[in-house]
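**Student:** Let me give you the structure first, and then I'll get to my questions.
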Amino acid sequence: AQDCQVANIKVIFDFWTWYAVGKKDPEGLFLLDNVIAQINIEEDGRMTATAQGRVIILNNWEMCAHMFATFEDTADPAKFKMRYWGAANYLQTGNDDHWVIDTDYDNYAVHYSCRQVDSDGTCLDGYSFIFSRHPTGLRPEDQLAVYQKKLELCLLGKYRRVAHTGGLAML
Ligand code: DAO
């Protein structure tokens, strides 16, 4: 709808869905597949996110988790702290690093989060998402850039494909 309110004008960064197409899991894996995320810019300018994905909790109970996240800036504009929680209290909560390693905004994004840094400075426990705007995966022309970032993150070969079967994620 058109109401001519400047505050209501949507910019392309808002509300566009990112499909997770690859994931390096952390210990105590949570989000399995059909993972989608949306970055939102609130009216006060703060960044938030909503995400959903298939999870298995408690006694093999499968469900679609609805997650929310808020972000805090750090000195580095691409490094955020992300506080996240679920729509239900039996879902995970946490406060993780959220680093945007690379993105062209329109097609792909490489995310990285180290939860525990080892004594030698390497990452002992962390996770990383490869996001695409396309549920079918990365475009061939984005694969080299993503490969290069996986290499730089020392995570080459550690990712699994995240399927989008369109079932639970549509709920
Ligand atoms: O899946 O094991 C895991 C860790 C994922 C943490 C949950 C994050 C929920 C919010 C995601 C926002 C976009 C990255």
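The values are calculated or read from the model by the stated rules, or taken from the named source; none is laboratory data. Keep in mind it's a predicted model, so treat the numbers as computed, not measured. Cβ atoms come from the backbone with ideal geometry, glycine included; neighbour counts cover every protein chain shown.
**Student:** Taking Glu43 as the residue in question, decide whether it is of a type in the set (Asp, Glu), without any contact (Cβ under 8 Å) to a residue 40 or more places away in the chain, assigned to a loop (DSSP other than H, G, I, E, B) and surrounded by fewer than 19 Cβ atoms within 10 Å (Cβ to Cβ).
**Tutor:** Values: of a type in the set (Asp, Glu): yes; without any contact (Cβ under 8 Å) to a residue 40 or more places away in the chain: yes; assigned to a loop (DSSP other than H, G, I, E, B): yes; surrounded by fewer than 19 Cβ atoms within 10 Å (Cβ to Cβ): yes.
Yes; evaluated as a whole, the condition is true for this residue.
**Student:** Mind counting the residues in the range 1-31 that are of a type in the set (A, V, I, L, M), in a loop (DSSP other than H, G, I, E, B) and either touching a Pro at 6+ places or on another chain (Cβ under 7 Å) or at pLDDT 95 or above (or both)?
**Tutor:** Looking only at the range 1-31, we keep the residues that are of a type in the set (A, V, I, L, M), and these are 1, 6-7, 9, 11-12, 20-21, 29, 31.
Imposing the further condition that a residue be in a loop (DSSP other than H, G, I, E, B) reduces the set to 1, 9, 11-12, 29, 31.
Applying the additional criterion that residues be either touching a Pro at 6+ places or on another chain (Cβ under 7 Å) or at pLDDT 95 or above (or both) yields 31.
Adding up the residues that qualify gives 1.
**Student:** Related question: Test Lys23 against the stated conditions and say whether it is of a type in the set (D, E, K, R), closer than 21 Å to Thr103 by Cα, out of contact with any helix residue (DSSP H, G or I) (no Cβ under 6 Å at 6 or more places or on another chain) and more than 12 Å from the ligand (Cβ to nearest atom).
**Tutor:** Details: of a type in the set (D, E, K, R): yes; closer than 21 Å to Thr103 by Cα: yes; out of contact with any helix residue (DSSP H, G or I) (no Cβ under 6 Å at 6 or more places or on another chain): yes; more than 12 Å from the ligand (Cβ to nearest atom): no.
When the stated conditions are applied, Lys23 does not pass them.
**Student:** Being within 12 Å of the ligand (Cβ to nearest atom), among the charged types (D, E, K, R), surrounded by 15 or more Cβ atoms within 10 Å (Cβ to Cβ) and in contact (Cβ under 8 Å) with a residue 40 or more places away in the chain narrows it down to one of Asp102, Asp33, so name that one. So that I can check it myself, show each step before the final result.
**Tutor:** On the way: Asp102 fails: within 12 Å of the ligand (Cβ to nearest atom).
Just one listed residue meets the conditions, Asp33.
**Student:** Identify, please: which residue in the range 46-74 is part of a strand (DSSP E or B) and among the charged types (D, E, K, R) and is, among those, farthest from Ser128 (Cα to Cα)? Steps first, answer last, please.
**Tutor:** First pass over the range 46-74, keeping only residues part of a strand (DSSP E or B): 47-57, 61-73.
Going one step further and asking which of them are among the charged types (D, E, K, R), we end up with 54, 62, 72-73.
Working: Arg54: 17, Glu62: 22, Glu72: 19, Asp73: 19 Å.
Only one residue fits best here, namely Glu62.
**Student:** A further question on this structure: Residues in the range 148-156: is at least one surrounded by fewer than 17 Cβ atoms within 10 Å (Cβ to Cβ) and assigned to a strand (DSSP E or B)? Outline the logic, then answer.
**Tutor:** Within the range 148-156, the subset surrounded by fewer than 17 Cβ atoms within 10 Å (Cβ to Cβ) is 148, 151-152, 154, 156.
Filter again for assigned to a strand (DSSP E or B), leaving none.
No, there is no match, as no residue in the range 148-156 is surrounded by fewer than 17 Cβ atoms within 10 Å (Cβ to Cβ) and assigned to a strand (DSSP E or B).
**Student:** Then there's this: Could you grab the pairs with beta carbons closer than 8 Å, sequence gap of 6+ or different chains, first residue in the range 71-96 and acidic (Asp, Glu), second one more than 12 Å from the ligand (Cβ to nearest atom)?
**Tutor:** Pairs found: Glu72/Lys81; Asp96/Lys81.
**Student:** If you go through the range 114-138 one residue at a time, how many are under 20 Å from Leu31 (Cα atoms) and of a type in the set (S, T, N, Q)?
**Tutor:** Count: 4.
**Student:** Give the range 16-40 a look and list any residue that's of a type in the set (A, V, I, L, M, F, W, C), under 30 Å from Val6 (Cα atoms) and touching a strand residue (DSSP E or B) at 6+ places or on another chain (Cβ under 6 Å), or say none. Let's see the steps before the verdict.
**Tutor:** Taking the range 16-40 first, the residues of a type in the set (A, V, I, L, M, F, W, C) are 16, 18, 20-21, 29-32, 35-37, 39.
Imposing the further condition that a residue be under 30 Å from Val6 (Cα atoms) reduces the set to 16, 18, 36-37, 39.
The answer is Trp18, Ile36, Ala37, Ile39.
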